[in-house]
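To start, the structure under review is shown below, and the notes come after it.
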Amino acid sequence: MIQVTDVSLRFGDRKLFEDVNIKFNPGNCYGLIGANGAGKSTFIKILSGEIEAQTGHVSMGRDERLAVLKQNHFEYEEHEVLQVVLMGHARLYEVMQEKNAIYMKEDFSDEDGIRAAELEGEFAEMNGWESESEAAILLQGLGIQESMFSKKMAELTGSEKVKVLLAQTLFGKPDVLLLDEPTNGLDIQAIQWLEDFLINFENTVIVVSHDRHFLNTVCTHIADLDFNKIQIYVGNYDFWYESSQLAQKMLQDHNKKKEEKIKELQAFVARFSANASKSKQATSRKKSLEKISLDDIKPSSRKYPFVNFELEREIGNDVLQVKDLSKTIDGVKLLDNVSFTMNKDDKIALVGDNEIAKTTLMKILMGEMEPDSGSFKWGVTTTQAYFPHENSAYFNGDETDLVDWLRQYSPNDQSETFLRGFLGRMLFSGEEVRKKPNVLSGGEKVRCMLSRMMLKQANVILLDEPTNHLDLESITALNNGLINYKGAMIFTSHDHQFVQTIANRIIDIRNGQIIDKQLSYDEYLQWSKDTISS
C-alpha cells in the first residue's frame, strides 16, 4: 500500500499537480496515464522518493519495501547478471555480503559467530535460501539464459540489460512496484511473460506505459493525471478511454438525451465487466464497474489529432509483386529470396526480431535501396506514401516555419489557410505553426510526417514504426485513422494493439526468410506458439 497526501509540485510558473490525495491498494495494478509533459514520470519519482514534493507527503505501510525500475542501463557494468538481480532486494543483498565476508575470515572469532548466527536468521526470514533460484526464474522468464548469469553487464546487449534490470525490480516480492515504460526494449515473449507475472502479482503495482494492450491486460485501475489532479477509475485503459469519450459527447450535447447516454453507459459497462476475466480481482472489479454512473465519469482535457488517410484514386487488383529479393548488409543476410504478392485489401504487418531487415525491405520497396538480387513491381494504379523509420533528413532544410515545410509536399500548392487548417487538425495551432522544423520534438516530427503522407492521398502506404515518439492520444488517433483507411498497407510497430486492430496479414521475417500468414496478430502469435511447442 502507498498513500499520497496533499502532494503538490510546480516547476516555475507551471503547475504539474496540486493537492493530490490517493491511496494505491494491494492487489491492484494502476496504469498512470496523462498527456506528454503532464508529469507522469515526475509523479513516479515523487512516489519513489527521488524527488521531494513541495507540499504533502508519501507514506507506506510499516516494513514495506518499494522497488523502482532503473532507467540507467549502464549502472552495473562491472557486476555479474545474477548479482545485479539480487541487488534488487537491498537488505537481503547486504546480509549476503556481510555473511560471506565473515565466513571468509581466517581468524573467525566468537563475536563473528554470534553475528553470523544473527545474519543467518535474518537471511532465512527473507527467504534467502531461495533467492538465487527466484532470480534465475525471473531471468529465464524474460529470456536471459543460465549461460549468461555469470557474465558482466557490460557484455550484454541493450535489450538484455533492460531485461536484467526488470528482473531486479521484480525480485524479492516487493510490496510496491513502480514501473516506468517497462515494455520498452522487450520482445513479444518477454512482454507476455511480464503480463502474466503482473496479473498474478498480489501486491501494489503502478505502471506508466504507452502500450495500450499492456495496460488493458494488466491494469485493474487507471490513475488519470489531468487538470493537475489524479483521478482513479476502475477498469483498464480501453474502459477509461471509451467512457471519457462518452462523457465528452455528453458535455458537447449540453446534457441532452442524458437517458440515452445512461443506457449507452450501462451497455458499455456490461461489455467491459464481462472482459475482466484475466484478473484475480475480476469479481470485485465487475461489481465496481456496475456501480458507475454517468456523473462519475469526467471528460478529458486531452486533445487528439485528426488522422484521416483519403485516396485520390481507387486501387486496382494488381498492387505489388515481390520476387526473390535478397539483400546482405555488413556480412549479414537480411533478406534471402523473399517473394510475396500484395493484394488490394491487404494490411500487412512486418514482424520479427530483426529491425534492420524490416526497414531494409521497406527501403527497397520505396526505391531508397537496391536489392542484391531479385525484383519487385508496383501495380500501375498504385501510388505510394512512405513513413520512414528515421525522419531527421526531412527537417534539415531552410524552411521558415511549418506552413512553409508542409507546402513543399502539397500537390496543388494549397493556400496558407488550408495548410494552417491541416496543421491545426494535427495539433499545431496558432503560433505553433511558426515553429522552425528543425526544433520540433520527436512526437511533433511524427505528426508532421503523417500530415505529409495524408496530403499525398496515396492508395498504398508504408509505415515503419509510426508509433515511436507518440503519446497515447496520438497513437489512438493514428490507430483509428488506419483502421478506417481504404487502401493497402505495409507497416511495422511494436504496439501490440496497433498491429492486432489493423493487420489482416502477417509477414514474419526470420533469418532472412519469411513466414506469410493471412491471420490477425493474435492468431499468428497463437499459431507460432503452437507450431514451436509441437
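The values are calculated or read from the model by the stated rules, or taken from the named source; none is laboratory data. These figures come from a predicted structure and were not determined experimentally. Using ideal geometry, Cβ is built from the backbone for each residue, glycine included, and neighbour counts are taken over all protein chains shown. The area values use the complete protein model at the heavy-atom level, side chains included, leaving out ligands, DNA and RNA. Shrake-Rupley method; radii C 1.70, N 1.55, O 1.52, S 1.80 Å.
Some values worked out for this structure:
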| read-out | value |
| --- | --- |
| The chain: angle of helix 416-425 to the longest principal axis, Cα-based, in degrees nearest 10 | 30 |
| Surface accessible to a 1.4 Å probe, Val307 within the full protein complex, Å² | 10 |
| Euclidean distance of C-alpha centroids, the range 11-55 and the range 389-434, integer Å | 35 |
| Distance between modelled label sites at Glu368 and Asp187, nm, 7 Å Cα→Cβ extension | 2.6 |
| Probe 1.4 Å, all protein chains present, accessible-area order of Tyr233, Tyr409, largest first | Tyr409, Tyr233 |
| Accessible-area composition of the chain, carbon plus sulfur, in percent [1.4 Å probe] | 47 |
| 0 to 90° range, to nearest 10: angle between helix 521-533 axis and the chain longest Cα axis | 50 |
| Cα centre as origin, Lys/Arg/Asp/Glu Cβ charges: the chain dipole, Debye | 2520 |
| Cα-based helix-to-principal-axis angle, 90-103 vs the chain, degrees rounded to 10 | 50 |
| For Asp19, net neighbour charge (Lys/Arg +1, Asp/Glu -1) across residues whose Cβ lies under 13 Å away | +1 |
| In Å², nearest 10: area of Trp527 left accessible to a 1.4 Å probe | 80 |
| Rg/Rg_ref, the range 357-446, where Rg_ref = 2.2 N^0.38 Å and atoms are Cα | 1.33 |
| Neighbour net charge for Asn127 - beta-carbon separation under 9 angstrom, K R +1, D E -1 | -2 |
| Length released on extending from Thr531 to Val332, taking residue separation times 0.36 nm less the Cα-Cα span | 69.0 nm |
| Residue-normalised accessible area of the chain, given per residue in Å² at a 1.4 Å probe | 48 |
| Estimated 222 nm signal from helices in the chain, with DSSP H stretches of n ≥ 4 weighted -39500 (n - 2.57), rounded to 500 | -11500 deg cm²/dmol |
| Which listed pairs, of Lys152/Lys358; Lys40/Lys303; Lys23/Lys173, have C-alpha distances above 22 Å, in listed order | Lys152/Lys358 |
| Theoretical FRET efficiency, 1/(1+(r/R0)^6), r = Cβ-Cβ of Gln140 and His389, R0 25 Å, to 0.05 | 0.20 |
| Rounded to the nearest 10 Å², the accessible area of Thr5 at probe 1.4 Å | 40 |
| Förster radius 22 Å - calculated FRET efficiency between Lys105 and Glu132, Cβ distance, rounded to 0.05 | 0.45 |
| Computed FRET value (nearest 0.05) for Gln513 with Glu125, which takes r as the C-beta separation and R₀ as 51 Å | 0.45 |
| Antiparallel DSSP beta bridges within the range 320-533, as percent of all bridges there, nearest 5 | 50 |
| The range 320-533: Cα Rg divided by the 2.2 N^0.38 Å rule of thumb | 1.07 |
| Alpha-carbon Debye profile of the chain, log10 I(q)/I(0) at 0.09 Å⁻¹ | -0.79 |
| Cα-derived Rg to Rh of the range 74-158, Kirkwood definition | 1.05 |
